[in-house]
Amino acid sequence: MIKITFFGVRGSTPCAGPNHIRYGGHTSCIGIELDDRLIILDSGSGICDASLLALNNPHKEVFLLFSHVHLDHIMGLPFFAPVWRKNMTVHILAGSVAPYGGIHHFLSNTFTPPLFPIQFIDFPANIHCRDFKAGETLELFSNVKIDTCPLNHPNGAIGYRLNYKGNSVCYITDTEHFPGQLDPSVLALIQNSDLVIYDSSYNDENFSTYKGWGHSTWQEGIRLAKKANVKKLAIFHHDPSNTDDKMEIVEALATQEWDGAFIAKQGEVVVLE
């Protein structure tokens with residue numbers, strides 16, 4: 001069984017208030033349970049809500065994979081309860097930080113005074129950091145294979161495909177497509193997958209306004225999903241300016257375009273069996 005929980009679905013900045021209730025306001029964080037193992041993708045503000053799930057893991061072990069380390073994808077890390085428990089082991093992996101000294105160096109220089117009162121190296125958990133290169137296949141434990149690919153984003157980003165017992169889920173966020181050209185690396189990674197979680201910050205109509213920002217559209221996600229024979233597409237990394245009412249419009253348009261698409265909502269759970 002693969003159980004996917006959307007703990008954070010927004011991009012750029014958390015948002016709160018009466019216009020951001022139904023779809024949620026936390027930034028990127030996905031929890032993936034592979035039977036009794038736990039993988040977390042990104043540590044945006046949503047990772048705070050993943051704390052209880054992680055603390056209850058029977059192995060007392062979490063694998064945290066970063067798509068990249070822009071602020072909206074790392075801001076929740078020091079508020080993730082397992083990093084403060086001596087009995088927890090947290091493996092942190094990143095594939096786009098080597099040019100900046102590697103993930104351990106980056107986190108040690110980020111979560112330190114005066115930005116944060118306690119240094120990253122003093123977090124009580126057993127924390128192990130690992131860098132890899134885009135395109136590598138990761139084997140974190142038995143029966144799971146994680147394929148990776150580079151994404152088109154400022155400072156770099158990584159796409160992931162988790163394969164487990166015949167099911168697969170892909171995490172493709174913070175990537176900018178080239179109009180009229182489906183990204184061959186993304187296409188290869190997501191081929192025949194059960195679920196693709198895709199960066200859909202914008203739409204085809206306003207996409208040109210944000211050229212160079214490193215994001216994509218829900219229409220491009222559908223085009224990729226159809227071409228790659230994907231079963232389900234989760235529209236993800238919502239623009240914080242998109243209110244609940246606007247997201248409902250996107251949802252209606254997307255499902256009309258393809259019935260395999262849905263809008264990822266904070267707290268939503270998807271199970272692949």
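Since every read-out is calculated from the coordinates, none of them should be taken as a lab result. As the structure is a prediction and not an experimental result, all values here were calculated from the model. Quick reminder, even Gly has a Cβ in these numbers, built from the backbone with ideal geometry, and neighbours come from all protein chains shown.
Evaluating 6.51 cos²θ - 1.76 cosθ + 1.60 at θ = phi - 60° for every residue in the stretch 40-46, the Karplus couplings come out as 10, 9, 6, 10, x, 4, x Hz, glycine and proline recorded as x.
Amide H contacts for Gly135 (H built 1.01 Å from N in the peptide plane; partners 5 or more residues away or on another chain; cut-off under 5 Å): Thr148, Cys149. Going by alpha carbons, how many degrees (0 to 90, nearest 10) lie between the helix axis of 244-257 and the longest principal axis of the chain? Tilt of helix 244-257: around 60 degrees. Only beta bridges with both residues in the chain are counted; by DSSP, about 50 percent of them are antiparallel. Sorting Val250, Val83 from the fewest to the most surrounding beta carbons within 10 angstrom yields Val250, Val83. Among residues other than Asn167 with Cβ under 15 Å from its Cβ, the summed charge is +2 (Lys and Arg +1, Asp and Glu -1).
Is the stretch 56-100 rounded, prolate or oblate when judged by the Cα gyration tensor, a ≥ b ≥ c being the square roots of its eigenvalues, rounded requiring a/c under 1.5 and prolate requiring a/b larger than b/c? Because a/c hits 1.5 or more and a/b exceeds b/c, the stretch 56-100 counts as prolate.
For Lys86, the lysines whose Cα falls under 22 Å of its own Cα, not counting residues fewer than eight places away in the same chain, are Lys60. Per residue of the chain, the DSSP helices (runs of n ≥ 4 H) give a summed -39500 (n - 2.57) that works out to -4500 deg cm²/dmol at 222 nm.
The Cα atoms of the chain define a convex hull whose projected area, averaged across directions, is 13.5 nm². Among Val90, Val144, the order by Cβ neighbours within 10 angstrom, fewest to most, reads Val144, Val90. Highest mean packing first, where packing is the average number of other Cβ atoms within 10 Å per residue, the peptides 219-227, 112-120, 254-262, 7-15 line up as 7-15, 219-227, 254-262, 112-120.
Derived scalar couplings between HN and Hα for the stretch 65-77 equal 10, 8, 6, 5, 10, 5, 3, 5, 9, 10, 4, x, 3 Hz in order, rounded to whole Hz, by the Karplus curve 6.51 cos²θ - 1.76 cosθ + 1.60 (θ = phi - 60°), x for Gly and Pro.
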